[in-house]
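Student: One structure follows; several queries about it will come next.
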Amino acid sequence: QVQKTLRERFCHHYATGKLFGTERQYRHLLELLKRTTVHGESNSALIIGPRGSGKTALLNHVLKELTEMKEVRENLLEVHLNGNEGELPVLHEKNNFLSGLLQTNDKVALKEITRQLHLENVVGDKVFGSFAENLAFLLEALRKGDRTSSCPVLFILDEFDLFVHHKNQTLLYNLFDISQSAQTPVTVIGLTCRQDILELLEKRVKSRFSHRQIYLMNSFDFKQYIRIFKEQLSLPNEFPDESFAQKWNNNVQHLSEDKTVKDILQNLFHYTKDLRSLHLLLMLAVSNVTVRHPLITASDLQEASKQIRMDSKANIVHGLSVLEICLIIAMKHLNDVYEGEPFNFQMVYNEFQKFIQRKAHCMYNFEKPVVMKAFEHLLQLELVKPIERPSVRVQREYLLMKLVLDNNQIMDALQAYPNCPTDVKQWAASSLSWL
């Protein structure tokens, strides 16, 4: 029951959770959308902030408050478009609209807008000369009369920066253009992580944008972060077992004062203020709760912290053969000697041969095709990446590559590598390649 309650809280935080330190931005956005929904004003704005800063949460809170207002509930039409390519659409009914997904081009966007506004029967088999004509027709179909009685439309563009790459930025141009016209009340809200988003807009698009920008920067300090930790981990008053909830919450209070826990949270806080990372830490710790272990401890949080900070690439290295490890070390030395310049298989093979000749007694001298096979396996694991496309003119041995592991990752992985030969470790630790 504890895990279920807290899991629901963590999962739904960005839809219904509390807003931390964004009250001013909340009031700004609420007022903006009220002017559209209540007074029929058109507008546009961008919500800008790093991932996990609460952009979607902020917008969801504002929309929730708006839809609770009687004059808005049956009057606002919402169109949700997402710039992410290749994701599956997440469809869910809410207040007569469907939240959808845009993939790569304006034609798909227009189909999605038509579907979400339920205008498929109006469009029928009509043929339009341009995107602008089609969009204008859709919005005209929504009009009930004059501007004051027209149904306001809210366009929400998630991953806004990806729409910038559409041909001629046609979708953005037309949406911003309509938001400036005196026809149907339209507001366009974009959500993006890019701080330089305005520089990516074409001149004609930028001139039609209102230049309203709402910034979210996770500005809370460590004391507030501790308070968020307590609020998110505490059980609510409506929890079925009141006595257990009180024990749990008392334990959470003790944890928030524990030096070990504070150190864990301080490290995470300095690493990232993203609340998703905090939720992941808490979820991993809460997953250890059982009937025999009913309360989480500082050691649970310590173990969860280790799992979060675990390097996925270093974990891949742990499963490699000694030959593949040697090739990675050879690449490490090439990076050191040539200061990060790209290398090819032949250079790596030559470096490996130098090591074999110096330490022949500890390593078997593999045939070149076998070494090539090991190198190709590293390519498949994406520990090595080509910096140019394969060409029929260039032999495989001479394709330029780069290593995606840094020296610290390699050395940390070697320390945890089971039964790694001492000579191999010494070779990795040496500051110069074998001459």
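Student: Counting only protein heavy atoms, what percent of the accessible surface of the stretch 286-332 is carbon or sulfur at a 1.4 Å probe? Mind showing how you got there, number by number?
Tutor: Values: 1190 of 2270 Å².
Ligands and nucleic acids excluded, carbon and sulfur give 52 percent.
Student: In this model, which of LYS368/LYS402; LYS230/LYS306; LYS70/LYS230; LYS34/LYS230; LYS402/LYS425; LYS223/LYS306 are farther than 26 Å apart at the alpha-carbon?
Tutor: Numbers: LYS368/LYS402 20 Å; LYS230/LYS306 21 Å; LYS70/LYS230 36 Å; LYS34/LYS230 34 Å; LYS402/LYS425 22 Å; LYS223/LYS306 23 Å.
Where the Cα-Cα span goes over 26 Å, the pairs concerned are LYS70/LYS230; LYS34/LYS230.
Student: Then there's this: List the aspartates and glutamates whose Cα sits under 12 Å from the Cα of LYS111, skipping any in the same chain fewer than 8 residues away.
Tutor: Within the straight-line limit of under 12 Å, LYS111 reaches these aspartates and glutamates: GLU120.
Student: Counting other C-beta atoms within 10 Å, and keeping those with at most 16, which DSSP coil chymotrypsin sites (Phe, Trp or Tyr not before Pro) do you find in the stretch 237-338?
Tutor: On the way: sites: PHE244, TRP248, PHE269, TYR271, TYR338; in loops: TYR338.
Listed in order of number, the matching sites are TYR338.
Student: What is the distance in Å between the Cα centroid of the stretch 41-63 and that of the stretch 241-284?
Tutor: Centre-to-centre (Cα) distance: 27 Å.
Student: So what J values fall out for the stretch 375-388 if you push phi through Karplus, 6.51 cos²θ - 1.76 cosθ + 1.60 with θ = phi - 60°, rounded to Hz, Gly and Pro as x?
Tutor: These are the phi-based 3J(HN,Hα) values: 5, 5, 5, 5, 5, 5, 6, 6, 7, 10, 10, x, 9, 9 Hz.
Student: What residues have an amide H closer than 5 Å to that of ILE47, excluding those fewer than 5 places away on the same chain, when H is modeled at 1.01 Å from N in the peptide plane?
Tutor: GLY190, LEU191, THR192, ILE214
Student: Let me check against my output: what whole-number percent is the relative contact order of the stretch 314-429, with C-alpha pairs under 8 Å and at least 6 apart?
Tutor: Relative contact order of the stretch 314-429: 38 percent.
The values are calculated or read from the model by the stated rules, or taken from the named source; none is laboratory data. Predicted, not measured: the structure shown is a model, and the values here were computed from it. Backbone-built Cβ (ideal geometry, glycine too); neighbour counts: all protein chains shown. The protein model used for the area step is the full one, side chains on, heavy atoms only, and it has no ligands, DNA or RNA in it. Shrake-Rupley method; radii C 1.70, N 1.55, O 1.52, S 1.80 Å.
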